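In what follows, a structure is listed as structure tokens, so that the remarks can point back to it.
FYI, it's all coordinate maths here, none of it is from the lab. Since this is a predicted model, take the numbers as computed values, not measurements. Here the Cβ positions follow ideal geometry from the backbone for every residue, glycine too, while neighbour counts run over all protein chains shown.
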Amino acid sequence: MTDRIALYLGLALVGLIVLDLAVTGGDEILFVLRKIFVFIEFLAFWR
């Protein structure tokens, strides 16, 4: 991955987080982070 692609992906991610905070007050990003945490715990169980 080049630096330019990483920069664009990072900016897109930050933009989506800011958009989520502006529209829903951060509810959606909190939901996704909780699901990721549960998934990581599930993977750790099977390790």
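Pop out the Kirkwood hydrodynamic radius of region 3-46 from its pairwise C-alpha distances, inverse of mean 1/r, in Å to one decimal.
Kirkwood radius, region 3-46: 12.0 Å.
Using Cα atoms only, what is the angle between the long axis of helix 3-24 and the major principal axis of the chain, expressed in degrees (0 to 90) to the nearest 10?
Approximately 80 degrees, to the nearest ten.
What angle, in degrees between 0 and 90 and rounded to the nearest 10, separates the Cα long axis of helix 27-46 from the longest principal axis of the Cα atoms of the chain?
40 degrees
Taking 22 Å as R0, compute the FRET efficiency from the Cβ-Cβ separation of Val32 and Ala12 and round it to 0.05.
0.90
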